[in-house]
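The values are calculated or read from the model by the stated rules, or taken from the named source; none is laboratory data. Note that the structure is predicted; figures quoted are calculated from it, not measured. Virtual Cβ from ideal backbone geometry, glycine too; neighbours counted across all protein chains shown. Keep in mind that these areas ignore ligands, DNA and RNA; they rest on the heavy atoms of the full protein, side chains included. Shrake-Rupley method; radii C 1.70, N 1.55, O 1.52, S 1.80 Å.
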Amino acid sequence: EAGVTQFPSHSVIEKGQTVTLRCDPISGHDNLYWYRRVMGKEIKFLLHFVKESKQDESGMPNNRFLAERTGGTYSTLKVQPAELEDSGVYFCASSQGGTAANVLTFGAGSRLTVL
Amino acid sequence: SQQGEEDPQALSIQEGENATMNCSYKTSINNLQWYRQNSGRGLVHLILIRSNEREKHSGRLRVTLDTSKKSSSLLITASRAADTASYFCATDPLSGGYQKVTFGIGTKLQVIP
């Protein structure tokens, strides 16, 4: 079974540019999460999709971040315009949902460096 | 704010020793999970303990949960160099799968061969 795939693995952009991160969850997983880890700090929750709907986006830093999950399959996280403090590793995770124990499967992460 | 807070933040031990990491959380949970992250990779699920369980074992891993103190511990016995990684606890706050799972800062474990 394919795992959670994230693309790109590493992106280096200049302040003010736009970057779009993509996540392909495990097929059939209703839950899709985005997290961010800034150097040595906690893994911070950004948002949670259930199928195509945003269940909880309380962790999104500001309106420069836009996440979508069209059709309830893959998701994108766009940062526009990027700022220096947006640098970090963005993790995507998916889980089955429903009454199943909510065990997350993570992608390898997308490392974003804003110069 | 994040739910889980791991303690210590860094731990260095010799191969063969046991490693114990602690986690505290703030709100009621359905279950608590431990994950491992090797450098440059995603997190990998290790073990889940439900709120009505007090102890669980999986291979060299032993997890305890004290819901009255809102704390958990992860014990890795007979550690190996390959156990070097960051370890995170994660809390699933409510029943069912449609709730956000939150993580802490993690414990960075170094096992010296």
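Descriptive notes on the structure:
- Residue, nearest to A:VAL89 (Cα to Cα), within the stretch B:35-63, restricted to residues that are open to solvent by less than 50 Å² (accessible area, probe 1.4 Å) and not in a strand (DSSP E or B): B:GLY42
- Selection status of B:THR77, at pLDDT 95 or above, loosely packed, with under 15 Cβ neighbours inside 10 Å and more than 10 Å from chain A (Cβ to nearest Cβ): yes
- Every residue from the stretch A:24-45 that is over 12 Å from A:GLY97 (Cα atoms) and either facing chain B (nearest Cβ under 10 Å) or of a type in the set (D, E, K, R) (or both): A:ASP24, A:TYR35, A:ARG36, A:ARG37, A:GLY40, A:LYS41, A:GLU42, A:ILE43, A:LYS44, A:PHE45
- Some residue of the stretch B:33-43 being farther than 17 Å from A:ILE43 by Cα and either within 14 Å of chain A (Cβ to nearest Cβ) or over 10 Å from the mean Cα position of the chain (by Cα) (or both): no
- Of all residue pairs spaced 6 or more apart or on separate chains, those with beta-carbon atoms under 6 Å, a first member in the stretch A:81-92 that is closer than 22 Å to B:GLN37 by Cβ and a second member that is assigned to a strand (DSSP E or B) and among the basic types (Lys, Arg) are A:GLY88/A:ARG36; A:GLY88/A:ARG37; A:VAL89/A:ARG37; A:VAL89/A:ARG111; A:TYR90/A:ARG36.
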